[in-house]
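K.L.:
Here it is: the structure, laid out below.
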Amino acid sequence: MIAGLRAGAELELRREPRNPHDPNAIAVAYGNLQLGFFNRRIAAHLAPLIDAGARYRAHIASLTGGADPSTGSGQAKHRGVNIFVERESAGPSTPLRHAQRRSGRAPLHRESQVAESVRAALLGSARPHAAQLAVLERLDAGKNTLALLGTGRGKSFCFQFAAALRALGRSQDGDGKTLVVYPLRALANDQYEALRRTLDPLGLRCFRANGSIDNEEREDLFRALREGAWDVVLATPEFLEFHRDALRGGGTPSFVVVDEAHHLHESRHRPAYARLAATIASFGAVQILALTATARDDAFRRIVDDLKIDAWVIDPTVRENLAVVDARNTKDKIGYLTELFGADGGHSKGILYCNSRPEVAKVAQRLRATLGNRVVFYHGRMPNSDRLQVERLFREGQLRVVVATSAFGEGIDLPDVRNVVLYHLNFDFGEFNQQAGRAGRDGAPARIHLLYGEQDRALNDYLIDIDAPPLARLREIYRGLRRQTLVRGDNAQLASILDLERVADRTIGAALRIFADSQLIEVGEDDEGRFVRFLPVTGKVQMERNERYAEGEATREAFAQFSDLALNAPATTLERIINRPIYPSRVELLR
């Protein structure tokens, strides 16, 4: 296929949103000859930008392979094509980074044209409210700041706006990098998807850093860290605990954001949180922004002391327009939803959150049988063009009910949602608050319907175990595979060989990554495919020192704490958690 190619030849990139194997597929072609596809990681990064109007050009950088040097024969071996891709244009907002680079290190102001473009990307037509402006003023003054704002009051905007201005105004020496710390990798992953939607088109280079990413994405991350080719990294405390040196490789962060900062107090039993302040201090003189909706006296004082907070903004706003409807343990959920969304003739908007993509499609299909085409499903694996269309039609009112995973609503201006339904039990307080808080952001009356029940607890425990195997299951997997010195096969094949309870292909993948991090195994690939080789072990392996394992245990603990309250607390208690911040007594609101 490549015999007629030459270095320097122009290539064509063809977007294939309907590709059955990958909705982000981008094919590479030379005339009528299709050479192949970008890998999933690169395609997932570029596809949303291409769908939004960005254009890229590509050419052949070099042809690789040839004669086998070990035999001296002329037989071609490992032939390949290296290609070079660069952005040609990306719409009206993308040149911001390049314009700022040309202007050097001139400071960016919140009233500048660049700042207005960032604000529009993050908020659409909305404007920051007084508490958000107060936070930005303190950051502008160079102060370490604590923002204590309730659910739905825009904590994320404060750090995203500040991070974007720093990155777009950075000089060539690497200033302006932002590190964001989240207590759980699921929260970091959700925020990462939102940042890609809003800040990628501006030219920001965002990465997530936690144990859920695959080896390919991990290699991209560490390459960017070595080269300093990053602007925002979203990490867990455990990642920082084990990889702080990597963040100093090609330029350290100058701005550190600690989201859900109350975990400094509530999760101090996690070693990575106990040492988080010291880890941040190791980066030198950085500015800090702490964000939370919950900080009673003890937590407030710990945040202020550990992070050396100079100023704070406490927004006491109570979202009195929100009401929680207690429908927990409802047997006929579809009947409830049919009555809810059919009662007003389908004139009000609603979002129905489910825990998985298969459930999203199934529930939407059942509702469409009675409610018709005003119901649609939405999840992160849909082609980006389809997602953008759903968002537009919902915003314009042509769609009334969206059945979605947590991917829907983050970073999207949807002020007039009258009903939010939590169909399944969430995995933690952060996700619960985010989804519930998307109701009634215009201030008009809105309701949050709790439709989950006790049966969801066991399902979530199972899903957590699949992706974050506990210690006993890790031992089962290790012993089962250890019977042979060399194991071959993909994750699904290894799972079928073991035939263990609660062990799927994803479980095998997670376990192998944990084992490799602990230097128990080596995973490689040769002419016969993938292999797993067990390494000699001396002494006891301390699994709690493993970043990925520790993150999984944090997820398990967070769900246990959340589920007890979410299933058993009175609806009035859950309503107070959603509609108001929890702040310390006898502390001035602004400092």
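Values in this text are rule-based calculations from the coordinates and carry no lab data. Treat the numbers as computed from the prediction; the structure is a model and nothing was measured. We place every Cβ from the backbone using ideal geometry, glycine too, and count neighbours over all the protein chains shown.
K.L.:
In whole Å and largest first, what semi-axes does the C-alpha gyration tensor of region 344-449 yield when each eigenvalue is scaled by 5 and square-rooted? Before the final figure, lay out the partial values.
P.N.:
Working: eigenvalues 62, 57, 40 Å².
The three semi-axes for region 344-449 are 18, 17, 14 Å.
K.L.:
Tell me, what is the FRET efficiency for GLN365 and GLU522 to the nearest 0.05, using R0 = 51 angstrom and their Cβ-Cβ distance as r?
P.N.:
On the way: r = 45 Å, r/R0 = 0.88.
Taking R0 as 51 Å, the efficiency between GLN365 and GLU522 is 0.70.
K.L.:
Hey, another quick one. By counting other Cβ atoms within 10 Å of each Cβ, how are ARG483, ARG153 ranked from fewest to most? Spell out each step's value before the answer.
P.N.:
Values: ARG483 8, ARG153 21.
Lowest count first: ARG483, ARG153.
K.L.:
Here is a follow-up. Is the C-alpha gyration tensor of region 464-545 telling us rounded, prolate or oblate? Criteria: a/c under 1.5 is rounded; beyond that, a/b larger than b/c is prolate, otherwise oblate.
P.N.:
Details: a/c = 1.66, a/b = 1.07, b/c = 1.56.
Cα axes put region 464-545 in the oblate bin.
K.L.:
If I take R0 = 35 Å and measure r between the Cβ atoms of HIS21 and GLN455 in this structure, what FRET efficiency does the formula 1/(1 + (r/R0)^6) give, to the nearest 0.05? Write down the numbers at each step before the final one.
P.N.:
Working: r = 34 Å, r/R0 = 0.98.
It comes out at approximately 0.55.
K.L.:
If each of LEU589 and GLU320 carries a label point 7 Å out from its Cα toward its Cβ, how far apart are those two points in nm?
P.N.:
Label at LEU589, label at GLU320, 1.4 nm between them.
K.L.:
Right, next: Report, in degrees rounded to the nearest 10, the 0 to 90 angle that the Cα long axis of helix 505-517 makes with the longest principal axis of the chain.
P.N.:
80 degrees
K.L.:
For each of HIS269, HIS424, count neighbouring Cβ atoms within 10 Å of the residue's Cβ, then give the residues from fewest to most. If you can, show how the numbers build up before the last one.
P.N.:
Working: HIS269 8, HIS424 20.
Taking fewest neighbouring Cβ atoms as first place, the list is HIS269, HIS424.
K.L.:
In region 535-591, what GluC sites (Glu not before Pro) fall in a loop by DSSP, with at most 14 other Cβ atoms inside 10 Å? List each step's numbers first, then the result.
P.N.:
On the way: sites: GLU544, GLU547, GLU551, GLU553, GLU557, GLU575, GLU588; in loops: GLU588.
When the GluC sites (Glu not before Pro) of region 535-591 are filtered for loop state and at most 14 Cβ neighbours within 10 Å, GLU588 remain.
K.L.:
Rg(Cα) of region 438-591 divided by 2.2 N^0.38 Å?
P.N.:
On the way: Rg = 22.0 Å, N = 154, 2.2 N^0.38 = 14.9 Å.
Normalised by 2.2 N^0.38 Å, the Cα Rg of region 438-591 equals 1.48.
K.L.:
Restricting attention to region 261-343, which chymotrypsin sites (Phe, Trp or Tyr not before Pro) occupy a DSSP loop and are surrounded by at most 15 other Cβ atoms within 10 Å? Before the final figure, lay out the partial values.
P.N.:
Values: sites: TYR273, PHE283, PHE300, TRP312, TYR336, PHE341; in loops: PHE283.
Answer in residue order: no site qualifies.
K.L.:
Using 0.36 nm per residue of separation minus the Cα-Cα distance, give me the extension gain between ARG392 and LYS308 in nm, one decimal. The partial results should precede the final answer.
P.N.:
Working: separation 84, 0.36 × 84 = 30.24 nm, distance 4.30 nm.
Between ARG392 and LYS308, full extension yields 25.9 nm more.
K.L.:
For the chain, take the longest principal axis of its alpha carbons; what is the angle in degrees between that and the long axis of helix 384-396, to the nearest 10 within 0 to 90?
P.N.:
20 degrees
K.L.:
Let me ask something additional. With +1 on each Lys and Arg Cβ and -1 on each Asp and Glu Cβ, and nothing else charged, work out how big the dipole of the chain is about its Cα centre, in Debye to the nearest 20.
P.N.:
Details: 81 positive and 75 negative charges, 136 e Å.
Here the size comes out at about 660 debye.
K.L.:
On a full-extension model of 0.36 nm per residue, what is the gain between TYR462 and PHE222, subtracting their alpha-carbon distance, rounded to one decimal in nm? Spell out each step's value before the answer.
P.N.:
On the way: separation 240, 0.36 × 240 = 86.40 nm, distance 3.15 nm.
Extra length available between TYR462 and PHE222 comes to 83.2 nm.
K.L.:
Still on this structure, please answer the following. Where Rh is the Kirkwood radius over the Cα pairs of the chain, the temperature 37 °C and the viscosity 0.692 mPa s, what D in µm²/s does Stokes-Einstein return?
P.N.:
Numbers: Rh = 25.9 Å.
In µm²/s, the coefficient is 127.
K.L.:
Then there is this: Once you treat every alpha carbon in region 96-314 as an equal point and sum by Debye, what is log10 I(q)/I(0) at q = 0.09, 0.16, 0.17 Å⁻¹?
P.N.:
Here log10 of I(q) over I(0) equals -0.32, -1.10, -1.26.
K.L.:
Hey, another quick one. Using 7 Å Cα-to-Cβ label points, what is the ARG576/ALA278 separation (nm, one decimal)?
P.N.:
Rounded to a tenth, the inter-label distance reads 3.7 nm.
K.L.:
Within the chain, how many Lys pairs that are eight or more residues apart, or on different chains, come under 22 Å at the alpha-carbon?
P.N.:
Lysine pairs meeting the criterion: 10.
K.L.:
Would you order ILE578, ILE334 from fewest to most other beta-carbon atoms within 10 Å of each residue's own beta-carbon?
P.N.:
Details: ILE578 23, ILE334 13.
With the fewest neighbours first, ILE578, ILE334 line up as ILE334, ILE578.
K.L.:
Work from the charge dipole of region 329-427 (Cβ charges, +1 for Lys and Arg, -1 for Asp and Glu, about the Cα centre) and give the residue of ILE351, TYR336, THR370 farthest towards its positive end.
P.N.:
Farthest towards the positive end: THR370.
K.L.:
Please determine, in degrees from 0 to 90 and to the nearest 10, the orientation of helix 215-227 with respect to the longest principal axis defined by the Cα atoms of the chain, where the helix direction is its Cα long axis.
P.N.:
90 degrees
K.L.:
Shifting gears a bit: Please give, to one decimal in nm, the separation of the simple spin-label points placed at ARG530 and ARG483, each 7 Å out from Cα toward the Cβ.
P.N.:
Computed distance between label sites ARG530 and ARG483 equals 2.1 nm.
K.L.:
Counting other Cβ atoms within 10 Å, keep those with at most 15, restrict to DSSP loop, and tell me which trypsin sites (Lys or Arg not before Pro) in region 371-417 are left.
P.N.:
Counting only loop positions with at most 15 other Cβ atoms within 10 Å, the trypsin sites (Lys or Arg not before Pro) in region 371-417 are ARG381.
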